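The values are calculated or read from the model by the stated rules, or taken from the named source; none is laboratory data. Remember, predicted model here, so these are calculated numbers, not experimental data. Cβ atoms come from the backbone with ideal geometry, glycine included; neighbour counts cover every protein chain shown.
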Amino acid sequence: MSFSALFYPKAIAVIGASRKIKTVGNDIIKNLVTQGYQGEIYPVNPKADVLYGRQVYATVGEIPGQIDLAVIAVPTTSVLQMVREAAARGATAIVVISAGYKEIGNLEQETELAQLCAQLGVSLIGPNCLGVLNAEIKMNASFAATMPKAGNIAFISQSGALCTAVLDYAKELGIGFSKFVSIGNKADVNELRLIEYFAEDPKTAVIAIYVEQLTGANQLIAAIQKITRGPNPKPVLFIKAGRTTEGATAVASHTGSLSAGDAAYTALFNQSGAIRAVSISELFEFAKIFSKNQLGKLEKVAIITNAGGPGVLTTDEVIDNGLQLAKLASETTEALKAVLPPAASVKNPIDVLGDAMSDRYEQALTLVERDPNVDGLIVVLTPQSMTEVTRTAHAIINLRHNSRKPIAVSFMGSEIVEPGIKLMKEAGVVTTDFPESAAKAMAIFGRFYTWSQTQKGEVKVFTDVNSARVKEIFAAAKSRGQTNFPEAEALEILANYNFPLLKRAHAETAQQAAELLRGNSGKFAMKIVSPDILHKSDVGGVMLNITAENVTEKFMEMQQVVLSHQPEAKLNGVILMEMAPSQGQELILGATQISGLGTLLMFGLGGIYVEVIKDVVFAFAPLTETEARRLIESLKVAALFKGVRGQPPVDTEALVAALCRLSQLVMDFPEIIELDINPLLGLSQGQGAVALDARVVIG
């Protein structure tokens, strides 16, 4: 679809234009007329003749010309008819300001509105939204009082109230917007469609989004990856409301439990290359660094300060956020020695001393910016009695205009430094209240550039799988109402997807168990089989070192112990499995469906302590080999896989294969709603991995 009618309309109808001051319908007309929009404006109200110098039309049908955009602010009961009339006059974009839909439980009415717009070929923003702004053409088709400065940041928000606060806040920050959209209930146009539009919008360099709920993780990940990688990458910034686990539904599997709350959104943002902020202020600190600097490599930072303490604090933040202090070239340090006082520090951080005036800052800035070892600069100033605030600001502005390297500035203080801060904001220099924010924003900038240069890779498709057999297993289970597959059946499902498994056999009775081991001199593991028991080790349902001599005795003992813990459990015998290798790293693989988003995969440290240690990471299926490796490397204990204290490295290629097989399985069978492979034993390099236990739940 084309968004030209929404963002570049030549004629706008405001349906529900009100005579009453300080109402939504009145404010929208006032904003369009008084804030500079040059297109045709058609107010519609049967009870008015003129509003803000514009003729008012009693009905949409009386409008003399064709309209592109209709902004509707009438009672919910009249909205459908107004949509029909607007479409009849040529409107291909509709903004429904009116509330009273899904947000109060009227989902049926909202669905009817969306269906009507689809039938008419009309794009719908809202309902229950603030409206749309395009500062480039001075179009404020909203009831926000402020027209923002034109800039290169596109802002999308589910919350209209937040939009008004952001617009006010933006003036203080000195940032401008390419487009500004309140999407409200997003009955039609949502974040995905707008992201795809802004990816191609030449006026947009940064996309910032406030969300409460997202849907369709796969589509979002694909769209955002396309934007954040490639020849002209654009950062996509999110702030997500509702990061806590309150209200999470009860789940049975480890994966379901550990993915409750915010893990799915964290996975979505990480996998797509989107950048997440934890506050509105942080969102715009990040937006500023991208908006006002040219994207490029940023690993090594130089700090220039007139105060030792803030310089040290900034250094700590730089290192803590994953950046490096640039080691200045010898030519730079010698040149600094020649222009700075003997007491000044010419090593990074460069301390120009508290009595530094603007010329000293300018000399240091010029020399350090030229250093080939420096990727970016953080400038810190504290106001001393001799500090030249505005002249130093001008020196920084001059450097900014002649440098391609990212620069962030922190003039610490309030009234004394405000004139300098104002100058820099107006000139497009990134300023932060404190240097810690500058360091974090710089680190985000550097990480995004690194991400933008990486390749996604391809989703691996295994041909050695027997999906037909798994389909049969699930069909048979559904026919008898079975949704839960305990270990024996779960391992059969995995076997058909060629997961590495140990040899195993199912014995329903002690006699069968004895027959299976007769004449065998090895040792085996024995595990209880029961659809009612989730964690076998908790109830005595796992025994090791079972032999042909003791299997009968141990079988009976296990039955008694398990029933003492869970008397109502239905017991279906045991699995006898060859003993796993004594050396290996216990890991967990899992999958769980997240409503509206997709199937989330989990990888992490496994075994009985998985929910205690909680060193797990997540990503949505389908998974590429590159993404699988990123997951493995993201664990806190990832260093263990490389071999420590004489231990051999873990076979990470086998782990990558296991993750990709799991991804293929859940994509082939979307009815899988929960799955655990715990533990997956990662063996030493070249030895592979072995799935020791599993559980599957289908819906």
Item to complete: State all residues of the range 395-421 that are part of a loop (DSSP other than H, G, I, E, B), free of Cβ contacts under 8 Å to residues at least 40 places away in the same chain, surrounded by fewer than 20 Cβ atoms within 10 Å (Cβ to Cβ) and of a type outside the set (Asp, Glu); if no residue qualifies, say none.
Response: 402, 403, 413, 414, 416
Discussion item. Condition check: of a type in the set (Val, Ile, Thr) and either assigned by TED's automatic domain parsing to the domain that holds residue 666 or buried (at least 24 other Cβ atoms within 10 Å of the Cβ) (or both). Does residue 374 satisfy that?
Written reply: no
Worksheet item: Tally time: how many residues in the range 166-185 are in contact (Cβ under 8 Å) with a residue 40 or more places away in the chain and of a type in the set (Lys, Arg)?
Response: 1
Item to complete: Give, as residue ranges, the strands (runs of 3 or more DSSP E) completely inside the range 465-582 that count at least 1 residues that are buried (at least 18 other Cβ atoms within 10 Å of the Cβ) and in contact with a Gly (Cβ under 8 Å, 6 or more places away or on another chain).
Response: 504-507, 524-528
Item to complete: Return yes when residue 34 is in contact (Cβ under 8 Å) with a residue 12 or more places away in the chain, closer than 16 Å to residue 142 by Cα and surrounded by fewer than 20 Cβ atoms within 10 Å (Cβ to Cβ) and no when it is not.
Response: yes
Item to complete: Quick one: which residue in 51, 80 is out of contact with any strand residue (DSSP E or B) (no Cβ under 9 Å at 6 or more places or on another chain), modelled with pLDDT of 95 or more and surrounded by 13 or more Cβ atoms within 10 Å (Cβ to Cβ)?
Response: 80
Fill in: Failed condition for residue 148, given (1) modelled with pLDDT under 95; (2) of a type outside the set (D, E, K, R); (3) on the phi > 0 side of the Ramachandran plot
(3)
Item to complete: Kindly indicate whether residue 25 is in a helix (DSSP H, G or I), small (Gly, Ala, Ser) and either touching a residue at least 24 places away in the same chain (Cβ under 8 Å) or surrounded by fewer than 24 Cβ atoms within 10 Å (Cβ to Cβ) (or both).
Response: yes
Worksheet item: Out of curiosity, is residue 171 closer than 25 Å to residue 241 by Cβ, basic (Lys, Arg) and crowded, with 17+ Cβ neighbours inside 10 Å?
Response: no
Worksheet, complete the sentence: Checked pairs for the range 346-357, first more than 19 Å from residue 301 (Cα to Cα), second surrounded by fewer than 24 Cβ atoms within 10 Å (Cβ to Cβ) and at pLDDT 95 or above, C-beta under 7 Å and 6 or more apart or across chains, list as 353/341; 353/343; 353/344; 357/388
Response to the item:
The residue from 335, 343 that alone is closer than 25 Å to residue 397 by Cβ, of a type in the set (Gly, Ala, Ser) and either free of Cβ contacts under 8 Å to residues at least 40 places away in the same chain or loosely packed, with under 14 Cβ neighbours inside 10 Å (or both) is 335
Discussion item. One residue is enough: does the range 4-16 have a residue meeting the conditions within 34 Å of the chain's Cα centre (by Cα), in a loop (DSSP other than H, G, I, E, B), surrounded by fewer than 19 Cβ atoms within 10 Å (Cβ to Cβ) and of a type outside the set (Val, Ile, Thr)?
Written reply: yes
Discussion item. So, in the range 135-173, exactly how many residues are within 26 Å of the chain's Cα centre (by Cα) and either in a helix (DSSP H, G or I) or not aliphatic (A, V, I, L, M) (or both)?
Written reply: 18
Fill in: Residue that is nearest to the chain's Cα centre (by Cα), among those in the range 186-220 that are farther than 29 Å from residue 599 by Cβ and without any contact (Cβ under 8 Å) to a residue 40 or more places away in the chain
200
Response to the item:
All conditions in (1) of a type in the set (Val, Ile, Thr); (2) assigned by TED's automatic domain parsing to the domain that holds residue 462; (3) surrounded by 15 or more Cβ atoms within 10 Å (Cβ to Cβ) are true of residue 613 except (3)
Worksheet item: Hey, among 658, 619, 654, which residue is surrounded by 24 or more Cβ atoms within 10 Å (Cβ to Cβ), within 25 Å of residue 469 (Cβ to Cβ) and in contact with a strand residue (DSSP E or B) (Cβ under 7 Å, 6 or more places away or on another chain)?
Response: 658
Fill in: Qualifying position, being touching an Asp or Glu at 6+ places or on another chain (Cβ under 7 Å) and either assigned by TED's automatic domain parsing to the domain that holds residue 316 or crowded, with 19+ Cβ neighbours inside 10 Å (or both), among 426, 436
436
Worksheet item: In this structure, is residue 353 at pLDDT 95 or above, in a loop (DSSP other than H, G, I, E, B), surrounded by fewer than 24 Cβ atoms within 10 Å (Cβ to Cβ) and of a type in the set (A, V, I, L, M)?
Response: yes
Fill in: Condition broken by residue 317, with the remaining ones in (1) part of a loop (DSSP other than H, G, I, E, B); (2) touching a residue at least 40 places away in the same chain (Cβ under 8 Å) satisfied
(1)
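For (1) part of a strand (DSSP E or B); (2) in contact with a Gly (Cβ under 9 Å, 6 or more places away or on another chain), each residue gets a yes or a no:
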| site | (1), (2) |
| --- | --- |
| 587 | yes, yes |
| 604 | yes, yes |
| 612 | no, no |
| 633 | no, no |
| 641 | no, yes |
| 664 | no, no |
| 695 | yes, no |
Worksheet, complete the sentence: Selection from the range 79-93 of residues part of a strand (DSSP E or B) and out of contact with any Ser or Thr (no Cβ under 7 Å at 6 or more places or on another chain) yields none
Practice prompt. State yes or no: is residue 70 assigned to a strand (DSSP E or B), among the small types (Gly, Ala, Ser), in contact (Cβ under 8 Å) with a residue 40 or more places away in the chain and closer than 30 Å to residue 150 by Cα?
Written response: yes
Discussion item. Consider the range 550-609. How many of its residues are within 30 Å of residue 220 (Cβ to Cβ) and either free of Cβ contacts under 8 Å to residues at least 12 places away in the same chain or not small (Gly, Ala, Ser) (or both)?
Written reply: 14
